[in-house]
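Here's the structure, in structure tokens; my notes come after.
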Amino acid sequence: MVESVNEPGHRLRDGRRAVTLIELVVVLSILSLLGGILLPALRSARIKARSLFGMSNQRHVVGAVSLFATDHDDRYPPSIAKVGFNQAWNWSDPTKLAGSDLRTPGLQRSVSAYLRAYLSKAATLTCPGAPQRYRYLEQAWQAGDDWDNPETPVTPDVVGGTYSLYWNYIGCLGADRRLFNGPAGPVAGRRSSTLLISDYLGYNCWRTPGALGSCEPFHGAEVAPETVLLSAYWHRFVDANDLPQILFHAGYVDGHVDTHRSTDVVPLRVIKLRSEGIPYGDDEPGPGIFYVPAGAVP
């Protein structure tokens, strides 16, 4: 009588024990069960690690700005989010890492021209949750004011990052156009914010009109690909009055980095006409809204 290969304890002719179909199914079932248990835990651990890495990045940037202030009479670097020359300059968006070359004499056009001595790694200026790191980030950081993107005929070029930098930055808050004054030094003025840096969280950027944008991934978001000059970010079309729940980080003059929710923010608009304090309108192409933590507004 021929012995069935499916019987428990079946042995091959050389004496080795064969794995039965039932045993194989049991093993696969156990592995599937373990995967169902472990994968969510691994995903949660990965998200937590990314969050801690992002907070560490911002602490390094805050530390670099503070060291700069120590060496420069307690003054933070000028904001490079400006365009124009002499008194004709105007504001640009706070994500700029390198701005226009048309600057008032004596001011640099790149963040690295001020901070490279205190912050050697360009990767520190990238949110770890962003879809990808800007391909020319390291080259641009090392080149400083001499940066010229090899893909463009225009020189020099701007660079847009994934963090919003608020030291010495001025914008408009809310519908009443109150001025947002970024801190000028470690001892912030009574009317100045203490906010130095945050993850990019904004709405209605010209690249993705009508969409919420974030350097941190969130449910249902898609990638807004990088351009020759600007970093990639996540976006999803939503109602500005009903923002999805997103956690983002922000660093302050006292050195701490906090985690905030997208439901507890104040809209900041970029000033379009500096002489009159008029921001870009919500119905025109522009940098859009930048959300800052409500607690960061004096």
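None of the figures in this text is laboratory data; all of them are computed from the coordinates on show. Not measured: the values here are computed from a predicted model. Counting neighbours? That spans all protein chains shown, and the Cβs are built from the backbone with ideal geometry, glycine included.
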If a residue must be surrounded by fewer than 17 Cβ atoms within 10 Å (Cβ to Cβ), among the polar types (S, T, N, Q) and closer than 24 Å to residue 283 by Cα, how many such residues does the stretch 222-255 contain? 2
Residues located in the stretch 176-223, provided they are without any contact (Cβ under 8 Å) to a residue 24 or more places away in the chain, of a type in the set (Gly, Ala, Ser) and not in a loop (DSSP other than H, G, I, E, B): none
Any idea which residue in the stretch 60-77 is nearest to residue 183 (Cα to Cα), counting only those that are out of contact with any helix residue (DSSP H, G or I) (no Cβ under 8 Å at 6 or more places or on another chain) and surrounded by fewer than 18 Cβ atoms within 10 Å (Cβ to Cβ)? 74
If you take the residues of the stretch 147-175 that are over 19 Å from residue 249 (Cβ atoms) and hydrophobic (A, V, I, L, M, F, W, C), which of them is surrounded by the fewest Cβ atoms within 10 Å (Cβ to Cβ)? 175
